[in-house]
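Just below is one structure, and these are the notes that go with it.
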Amino acid sequence: MPIWVQTALLLAASNVFMTFAWYGHLKNLSTSPWYIAAFISWGIALFEYLLQVPANRIGAQELNIAQLKIMQEVITLTVFVPFAFFYMQEPLKLDYLWAALCILGAVYFIFRA
């Protein structure tokens, strides 16, 4: 499997954990004290790091750090929009499309030869 695919898959899985750690408590733990939410989020974030660190180490074999970062941002938006819509019941906004187009521009500039 190509290195960039391994990296993307690990980063995608990592991002699912990250998104739940950062935002899931707003739905599930909204009545709990903040420190309980922080502790639970920290526990979820551990799994994010267990995937993210190897992803970046694998990716660094062929990609530079800017390419890794932009790949992460593309994956973040790809994971966040369905999370916001399906899980958090947020309305789908045209702003997500504009954000995606801006990130697409970043992809172009970072990955061009």
*asked:* Take the chain, mark every one of the trypsin sites (Lys or Arg not before Pro) that falls in a DSSP loop and has at most 14 other Cβ within 10 Å, then report the longest stretch left between them, sites excluded.
replied: 1-92
*Indicate the gyration tensor shape class of the stretch 48-109 (rounded, prolate or oblate), computed on the Cα atoms with a ≥ b ≥ c the square roots of the eigenvalues: a/c under 1.5 is rounded; otherwise a/b larger than b/c is prolate and the rest oblate.*
oblate
*asked:* Show me, for the stretch 78-84, the HN-Hα J-couplings you get by feeding each phi into the Karplus relation (A = 6.51, B = -1.76, C = 1.60, θ = phi - 60°), rounded to Hz, glycine and proline as x.
replied: 5, 7, 5, 4, x, 4, 4
*Looking only at G24, G43, G59, which one moves most when the chain is put into a Gaussian network model with springs between Cα atoms under 10 Å?*
G43
_Inter-part distance where the stretch 72-113 and the stretch 30-58 are each reduced to a Cα centre, Å_ = 21 Å
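Any read-out appearing in this document is the output of simple, stated calculations on the displayed coordinates, not a laboratory observation. Note that the structure is a prediction, hence the values are computed from the model and not measured. Cβ atoms come from the backbone with ideal geometry, glycine included; neighbour counts cover every protein chain shown.
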